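Quick one: the structure is below, and I'll ask about it shortly.
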Amino acid sequence: MKRTSHISELREMIAQEKNQGRVIALVPTMGYLHRGHLTLIERAKQTGAFVVVSIFVNPLQFGPNEDYSRYPRDLERDASLVEESGVDLLFHPTTEEMYPRPIVTYVEVGQLDSMLCGAARPGHFRGVTTVVSKLFHIVQPDLAFFGQKDYQQYLVIRRMVSDLNLPIKICPVPIVREEDGLALSSRNVFLTPEQRQEALILSRSLNEAEEIIQAGERSARKLETRLRERITQESQGDIDYVEVRDAEDLSEIADIKSPVLIALAVRFGSTRLIDNKVVEVERHV
């Protein structure tokens with residue numbers, strides 16, 4: 001496996017592969033890799049592409065009171081996992097390499113970036129789209145892989161690529177969970193054993209919501225109320241949001257008539273966890 005922290009070196013390596021006709025696949029990460037990241041890598045490898053993994057904890061997407069300084073980092077552990085996974089090139093730039101001077105140019109995706117996590121974390125998605133845009137211009141991939149645990153992020157990136165006519169195919173990968181249902185996240189390491197047990201309410205309430213919809217419930221507000229009540233009654237979690245949205249564009253809905261995204265964000269202690277489920281709705285004629 002090749003590895004570099006320098007943009008100029010990476011571009012030379014990518015140019016060599018492109019000259020040989022290789023398809024380039026990018027898996028962007030913030031490191032502290034888990035099985036969810038490795039699943040993204042596996043999907044990328046299955047395409048036969050030259051696979052690039054980036055590891056960069058992006059300061060632009062963290063708010064002033066968020067966990068940038070304590071976000072888990074272990075580059076050499078990650079490098080070993082990436083190499084074992086058969087990745088072709090690891091790109092792990094420093095903050096100085098990515099932002100050699102204070103940045104004044106940003107990429108924003110209107111509407112999609114101002115709701116759900118965007119409302120709770122102002123500026124977060126501007127940081128995400130700016131750094132992903134930079135990575136796309138640096139690596140120039142043909143394919144890019146994103147996990148659907150960050151479903152809103154996936155939609156935001158997909159819209160950015162579409163609106164800016166970037167020649168990149170965005171490849172979504174389903175959420176990877178522990179056997180007990182907890183969605184894999186680098187932040188899970190911060191949970192105490194008690195908080196981790198309580199966090200199972202997220203996947204359980206999502207599964208219950210799907211059952212309720214399948215049983216005929218079509219009121220988005222009633223479903224949201226039911227989920228909030230269950231999370232509040234069965235955990236000490238501090239709810240950030242519980243929302244039912246259109247799965248295609250995250251628009252607000254009153255009646256469930258087409259595929260919906262059920263999205264949750266809940267804090268357990270100081271750790272904010274997100275989870276979601278897309279529920280298909282049977283259309284009655």
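Assuming R0 = 41 Å, can you tell me the calculated FRET efficiency for the pair residue 208 and residue 19, based on Cβ-Cβ distance, to the nearest 0.05? Display every interim value, and only then the final one.
On the way: r = 53 Å, r/R0 = 1.30.
Between residue 208 and residue 19 the formula returns 0.15.
When only Cα pairs under 8 Å and 6 or more residues apart are kept, what is the percent relative contact order across segment 186-279?
Over segment 186-279, the number comes to 29 percent.
Rounded if a/c is under 1.5, else prolate if a/b is larger than b/c, else oblate: which is segment 186-279, with a ≥ b ≥ c the root eigenvalues of its Cα gyration tensor? Kindly include the intermediate steps, with their values, before the conclusion.
Working: a/c = 2.34, a/b = 1.86, b/c = 1.26.
Judged from the Cα gyration tensor, segment 186-279 comes out prolate (a/c at least 1.5, a/b above b/c).
Would you mind checking segment 15-37 for residues with the amide N under 17 Å from a putative spin-label position 7 Å along Cα→C-beta of residue 76?
32-33
Let me ask another. Compute the distance from the alpha-carbon center of segment 223-238 to that of segment 161-207, in whole Å.
When both Cα centres are located, 19 Å separates them.
Another question, then. What shape does segment 45-179 have by the C-alpha gyration tensor, where a ≥ b ≥ c are the square roots of the eigenvalues, rounded means a/c under 1.5, and otherwise prolate means a/b greater than b/c and oblate the rest? Could you put the intermediate results ahead of the total?
Values: a/c = 1.35, a/b = 1.20, b/c = 1.13.
Rounded is the answer for segment 45-179, as its axis ratio a/c remains below 1.5.
Sticking with this one: What FRET efficiency would be calculated for the residue pair residue 278, residue 120, taking the C-beta separation as r and a Förster radius of 30 Å, to the nearest 0.05?
After rounding to 0.05, the efficiency reads 0.90.
Arranged by the count of other C-beta atoms within 10 angstrom, fewest first, what order do 60, 227 take?
Details: 60 19, 227 23.
Starting with the residue having the fewest Cβ neighbours, the order is 60, 227.
Arrange 34, 6 by Cβ neighbour counts within 10 Å, fewest through most, would you?
Details: 34 16, 6 12.
Listed from fewest to most nearby Cβ atoms, that is 6, 34.
Report the calculated FRET efficiency for residue 254 and residue 180 (r = Cβ-Cβ distance, R0 = 41 Å), to the nearest 0.05.
Details: r = 34 Å, r/R0 = 0.82.
With a Förster radius of 41 Å, E is 0.75.
Taking the Cα centre of the chain as origin and charging only Cβ (+1 Lys, Arg; -1 Asp, Glu), how large is the dipole, in debye to the nearest 20? All intermediate terms of the calculation are to be shown ahead of the outcome.
Details: 35 positive and 42 negative charges, 89 e Å.
Around 420 debye, computed over the chain.
Excluding residues on the same chain fewer than 8 positions from residue 134, give the lysines whose Cα lies under 25 Å from its Cα.
2, 18, 45, 149, 169
On to the next question. Which distance in nm do the two modelled labels at residue 1 and residue 221 give, with both placed 7 Å along the Cα-to-Cβ direction?
Each label point is offset 7 Å from its Cα along the Cβ direction, giving 5.1 nm.
Could you point to the residue in 119, 38, 141 farthest towards the positive end of segment 34-145's charge dipole, with +1 and -1 charges on the Cβ of Lys/Arg and Asp/Glu respectively?
After comparing all options, I get 119.
Where does each of 62, 145 land when they are ranked from fewest to most other beta-carbon atoms within 10 angstrom? Can you show the working numbers first?
Values: 62 17, 145 26.
Ranking 62, 145 by Cβ neighbours within 10 Å, fewest first, gives 62, 145.
Give me the angle, in degrees from 0 to 90, between the Cα long axis of helix 124-139 and the longest principal axis of the Cα atoms of the chain, rounded to the nearest 10.
Taking the Cα atoms of the chain, the angle to 124-139 is about 30 degrees.
Continuing with the same structure: As a test of the formula, what do you get for the chain when each DSSP H run with n ≥ 4 contributes -39,500 (n - 2.57) and the sum is divided by the residue count, at 222 nm and rounded to the nearest 500 deg cm²/dmol?
Details: 10 runs with 108 residues, N = 285.
After summing the helix terms and dividing by residue count, I get -11500 deg cm²/dmol.
Set Lys and Arg Cβ to +1 and Asp and Glu Cβ to -1, take the dipole of segment 66-172 about its Cα centre, and tell me which of 105, 131, 75 lies farthest positive.
Value: 105.
Values quoted throughout were computed directly from the atomic coordinates according to the rules given, and no laboratory measurement underlies them. Owing to the predicted nature of the structure, the values given are computational and were not obtained by experimental measurement. Using ideal geometry, Cβ is built from the backbone for each residue, glycine included, and neighbour counts are taken over all protein chains shown.
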